[in-house]
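Everything below concerns the one structure shown next.
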Amino acid sequence: MNAQPPAAPKPAPGGARAARKRQAVVRAARDLFLREGFGVGMDAIAAEAGVSKVTVYNHFGSKEALFTAVVAGALDEPLHQGPEGPDLSRLADADDLRAALTDAGRAWARAVRADEEGRALRTLVATELHRFPELGRAWRAHGPAGHHPAVADALRTLADRGLLAIPDLEVAVLQLYSLLVFPQMVFEQYGTELAEDLSERLVTDGVEMFLRRYAP
């Protein structure tokens, strides 16, 4: 008898109601992971979110996938901090891309430095990877564009409109992060912070380097 091929994974639920439930699950999981670590049970996450455990699995499939979604959302969260935050989605419509990206980089760096919960999540990842190596495998499978969807979407739009020439989106995403915000994260993780003038030089020079590399 021929073996049956494995069933394709079910698509995540769609629609506004499903989106609200997904958001509630991510928020609940984030709170519980920060309080109790990755060892928290899916029953507890479902109860905290006010949904069934089946709903949690329908949206994420596994606790590793849920944890990855929580951390990936936190990485891009400083890009959605209201009118004062950086809005990368508008870069393609800017009259001066260099000036717009520099302004966005400054706001992005400030938001990262002020994001205490994001810092706690990054510390949690470093801690839990030693206890749960499957988290590392789930993280690698997600890919850079999946970890940073707001950045990936902005760069993809710029490339589609011919404003940048990006042959490898994943590399470009990581390079932009590395130039503009990773130094802020690294210094914060070690209990210190960058001086404002050094942060400013990193942003302005980082934007210049990035645009020179990807000029069309």
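The values are calculated or read from the model by the stated rules, or taken from the named source; none is laboratory data. Computed from a prediction, not measured in an experiment: that's the story for all the values here. All Cβ positions, glycine included, derive from the backbone under ideal geometry; neighbour counts span all protein chains shown.
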message: For the range 151-161, check the following and say yes or no: at least one residue is modelled with pLDDT under 90 and closer than 26 Å to Phe38 by Cβ.
response: yes
Selection status of Leu176, at pLDDT 75 or above and either on the phi > 0 side of the Ramachandran plot or in a helix (DSSP H, G or I) (or both): yes
message: Please go through the range 47-70 and give me each residue that is surrounded by 20 or more Cβ atoms within 10 Å (Cβ to Cβ) and either within 17 Å of the chain's Cα centre (by Cα) or small (Gly, Ala, Ser) (or both), ordered by number.
response: Ala49, Phe60, Leu66, Phe67, Thr68, Ala69, Val70
query: Got a sec? Which of Ala29, Ala65 is assigned to a helix (DSSP H, G or I), at pLDDT 80 or above, of a type in the set (Gly, Ala, Ser) and within 18 Å of Pro149 (Cα to Cα)?
result: Ala65
